[in-house]
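Working notes, structure below.
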Amino acid sequence: MDMGDANELLEAHAHVWNHVYSFIRSMSLKCAIDLGIPEIIQNHGNPMTITELAAALPMLNPTKACDIDRLMRILVHSGFFARRKLDNDAQEVGYVLTNASRLLLKNNPLSVTPLLKIALDPFFLKPWQVLGTWFQNDDSSPFVTAYGKAAYDYCGHDPSVNNSFNGAMASDARLIASVLIDKCKGAFEGLGSLVDVGGGTETVAKAIADAFPHLDCTVLDLPHVVHGLQGGNNLKYVGGNMFEAVPAADAVILKWIFHNWNDEECVTILKRCKEAISEGGKVGGKVIIVDIVVMDEEKVSEENSKTFETQLFMDMTMMALLTGRERREEEWAKLFCAADFSDYKIIPILGLRSLIEVYP
């Protein structure tokens, strides 16, 4: 074996190892959340030395203080913390938060910690262990292989799992609502009424209703989800089933809904939405979708490769837990055509996801 072959072999070997152990990034991050490290560094107010951090960690076994440096090293490498020189000492460094770790602060209204906790909970990791088995059986998803029933059915009968799931979705909805109001105001201009399909416990619809007081907003979700929720001047809740009927309105918005369902189910939902905006009677009515549009592989560059990879991660998550998928533009177009819509526009301004306007 010549040196060229040896170097290629070793590079391939390192590549395999990197992916075998890539779970360590997620688990190290979960450990930092469990220990409350983001909050401790935030409350310190200045770059925090490793000695100060170890001393501030509650219930830390003193013999393991030296290992906190090892944990922080990989979290710095992953971009969740950064090192900064102390003002009074040019040699000593301390740890500070990054934009990513600020999104993990519990008191941040846009915190994604609930999503992290549910994604890395052993309960939701179990379906990944049977992914290979699922490819060889007739189950609808690896979740069914792992637990004997579909995820939505399981959540409906297990309050703790259901609460964790709802908390994770609510945290994501707060982030989306903030960006929608800030960057996508044009999508709501000229509308008199809006239905938020599958809107859950109010987050996005309430934000839109508050930002556009002239807009009559309705949240449609299953009766047990909206039971007891109180509306406001221009916000109300309706119990129902999006597969059966959607209340009439100028526009219908669906946030992170379609990726949960297969193509046939998505077409049914779209048809109910088209009926709703047709009954709304407004010229220029539309369906507004917030969801992932998977990038074309040939357009992936070093700059956007992480975004593409995360979209693929989400697609695999839909396969593992539900029966849906993330879709490329051509796959979205087929759904719109099958539901007899005439046109659509994709506005890629929501990071991993896009705003899609669909016209009857």
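Go through the residues of segment 209-221 one by one and say whether even a single one is in a helix (DSSP H, G or I), surrounded by 20 or more Cβ atoms within 10 Å (Cβ to Cβ), out of contact with any Ser or Thr (no Cβ under 6 Å at 6 or more places or on another chain) and at pLDDT 80 or above.
The answer is yes; a qualifying residue exists.
Is it true that some residue in segment 21-30 is part of a helix (DSSP H, G or I), loosely packed, with under 11 Cβ neighbours inside 10 Å and among the β-branched types (Val, Ile, Thr)?
Among the residues of segment 21-30, not one is part of a helix (DSSP H, G or I), loosely packed, with under 11 Cβ neighbours inside 10 Å and among the β-branched types (Val, Ile, Thr), which makes the answer no.
Where residues in segment 246-267 are surrounded by fewer than 24 Cβ atoms within 10 Å (Cβ to Cβ) and assigned to a loop (DSSP other than H, G, I, E, B), which of them is modelled with the lowest pLDDT?
Taking segment 246-267 as the starting set, the residues that turn out to be surrounded by fewer than 24 Cβ atoms within 10 Å (Cβ to Cβ) are 247-248, 250, 256-257, 259-265, 267.
Then keep just the ones that are assigned to a loop (DSSP other than H, G, I, E, B); that gives 247-248, 250, 256-257, 261-262.
Working: Pro247: 94, Ala248: 94, Asp250: 94, Trp256: 90, Ile257: 93, Trp261: 95, Asn262: 95.
Looking at the filtered set, the residue picked out is Trp256.
What number goes with the only condition from (1) surrounded by fewer than 19 Cβ atoms within 10 Å (Cβ to Cβ); (2) at pLDDT 85 or above; (3) of a type in the set (Gly, Ala, Ser); (4) more than 18 Å from the chain's Cα centre (by Cα) that Ala119 does not pass?
Evaluating Ala119 over (1) surrounded by fewer than 19 Cβ atoms within 10 Å (Cβ to Cβ); (2) at pLDDT 85 or above; (3) of a type in the set (Gly, Ala, Ser); (4) more than 18 Å from the chain's Cα centre (by Cα) leaves (4) as the failure.
Condition check ((1) in a helix (DSSP H, G or I); (2) within 30 Å of the chain's Cα centre (by Cα)) across all residues:
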position: Leu9; (1), (2): yes, no
position: Ile33; (1), (2): yes, yes
position: Arg73; (1), (2): yes, yes
position: Ala82; (1), (2): no, yes
position: Glu92; (1), (2): no, no
position: Ala100; (1), (2): yes, yes
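Suppose we filter segment 179-198 for residues that are assigned to a helix (DSSP H, G or I) and surrounded by 15 or more Cβ atoms within 10 Å (Cβ to Cβ); how many remain?
Selection size over segment 179-198: 5.
If Gly284 passes every condition in (1) at pLDDT below 95; (2) surrounded by 15 or more Cβ atoms within 10 Å (Cβ to Cβ); (3) touching a Gly at 6+ places or on another chain (Cβ under 7 Å) but one, which one does it miss?
Only one criterion in (1) at pLDDT below 95; (2) surrounded by 15 or more Cβ atoms within 10 Å (Cβ to Cβ); (3) touching a Gly at 6+ places or on another chain (Cβ under 7 Å) is unmet by Gly284, namely (2).
Would you mention how many residues in segment 46-66 are part of a helix (DSSP H, G or I), free of Cβ contacts under 8 Å to residues at least 24 places away in the same chain and either among the aliphatic types (A, V, I, L, M) or within 15 Å of Thr113 (Cβ to Cβ) (or both)? Please lay out each step first, then the result.
First, pick out the residues of segment 46-66 that are part of a helix (DSSP H, G or I): 50-56, 62-66.
Checking the rest, the ones that are also free of Cβ contacts under 8 Å to residues at least 24 places away in the same chain come to 51, 54-56, 62-66.
Within this subset, residues satisfying the condition of being either among the aliphatic types (A, V, I, L, M) or within 15 Å of Thr113 (Cβ to Cβ) (or both) are 54-56, 65.
Result for segment 46-66: 4.
Determine which single condition Arg73 fails, assuming it passes every other condition in (1) in contact (Cβ under 8 Å) with a residue 12 or more places away in the chain; (2) over 19 Å from Ser111 (Cβ atoms); (3) surrounded by 13 or more Cβ atoms within 10 Å (Cβ to Cβ); (4) of a type in the set (D, E, K, R).
Going through (1) in contact (Cβ under 8 Å) with a residue 12 or more places away in the chain; (2) over 19 Å from Ser111 (Cβ atoms); (3) surrounded by 13 or more Cβ atoms within 10 Å (Cβ to Cβ); (4) of a type in the set (D, E, K, R) one by one, Arg73 breaks only (1).
List the pairs whose first member sits in segment 115-141 and is in contact (Cβ under 8 Å) with a residue 60 or more places away in the chain, whose second member is basic (Lys, Arg) and surrounded by 15 or more Cβ atoms within 10 Å (Cβ to Cβ), and whose Cβ atoms are under 6 Å apart, counting only residues at least 6 apart or on separate chains?
Leu120/Lys30
Can you tell me which residue in segment 20-60 is farthest from Leu120 (Cα to Cα), limited to those that are out of contact with any helix residue (DSSP H, G or I) (no Cβ under 7 Å at 6 or more places or on another chain) and of a type in the set (Gly, Ala, Ser)?
Filtering segment 20-60 for residues that are out of contact with any helix residue (DSSP H, G or I) (no Cβ under 7 Å at 6 or more places or on another chain) and of a type in the set (Gly, Ala, Ser), the one farthest from Leu120 (Cα to Cα) comes out as Gly45.
Can you report the number of residues in segment 163-178 which are of a type in the set (S, T, N, Q) and buried (at least 16 other Cβ atoms within 10 Å of the Cβ)?
Result for segment 163-178: 3.
Could you go through segment 308-326 and let me know if any residue there is polar (S, T, N, Q) and under 24 Å from Lys183 (Cβ atoms).
Yes, the conditions are met somewhere in segment 308-326.
Are any residues in segment 125-149 out of contact with any Leu (no Cβ under 7 Å at 6 or more places or on another chain) and either of a type in the set (D, E, K, R) or under 21 Å from Thr310 (Cβ atoms) (or both), and if so, which ones? Write out each step before concluding.
Kept after step one, since they are out of contact with any Leu (no Cβ under 7 Å at 6 or more places or on another chain), are these residues of segment 125-149: 125-126, 128-140, 144-149.
If the condition is that a residue be out of contact with any Leu (no Cβ under 7 Å at 6 or more places or on another chain) and either of a type in the set (D, E, K, R) or under 21 Å from Thr310 (Cβ atoms) (or both), then Leu125, Lys126, Trp128, Leu131, Asp138, Asp139, Lys149 are the ones that fit.
Of all residues being part of a helix (DSSP H, G or I) and out of contact with any Lys or Arg (no Cβ under 7 Å at 6 or more places or on another chain) in segment 35-45, which is surrounded by the fewest Cβ atoms within 10 Å (Cβ to Cβ)? Just the residue, please. Break it down into steps so the answer makes sense when it comes.
Step one: filter segment 35-45 for residues part of a helix (DSSP H, G or I), giving 35, 37-44.
Narrowing further to those that are out of contact with any Lys or Arg (no Cβ under 7 Å at 6 or more places or on another chain): 35, 37-38, 40-44.
Details: Leu35: 17, Ile37: 26, Pro38: 26, Ile40: 18, Ile41: 24, Gln42: 17, Asn43: 10, His44: 16.
Taking the candidates together, the pick is Asn43.
Only one of these is surrounded by 13 or more Cβ atoms within 10 Å (Cβ to Cβ), out of contact with any Cys (no Cβ under 9 Å at 6 or more places or on another chain), at pLDDT 95 or above and not in a strand (DSSP E or B): Glu331, Glu357. Name it.
Result: Glu331 is the single residue among Glu331, Glu357 that is surrounded by 13 or more Cβ atoms within 10 Å (Cβ to Cβ), out of contact with any Cys (no Cβ under 9 Å at 6 or more places or on another chain), at pLDDT 95 or above and not in a strand (DSSP E or B).
Within segment 336-344, is there a residue that is charged (D, E, K, R), farther than 22 Å from Thr268 by Cβ and either in contact with a strand residue (DSSP E or B) (Cβ under 7 Å, 6 or more places away or on another chain) or without any contact (Cβ under 8 Å) to a residue 40 or more places away in the chain (or both)?
For segment 336-344, residues charged (D, E, K, R), farther than 22 Å from Thr268 by Cβ and either in contact with a strand residue (DSSP E or B) (Cβ under 7 Å, 6 or more places away or on another chain) or without any contact (Cβ under 8 Å) to a residue 40 or more places away in the chain (or both): absent.
Tell me which residues, restricted to segment 287-325, are touching a Leu at 6+ places or on another chain (Cβ under 7 Å), farther than 28 Å from Tyr359 by Cα and of a type in the set (S, T, N, Q).
Thr310
The values are calculated or read from the model by the stated rules, or taken from the named source; none is laboratory data. Not measured: the values here are computed from a predicted model. Note that each Cβ is placed from the backbone with ideal geometry, even for glycine, and that neighbours are counted across all protein chains shown.
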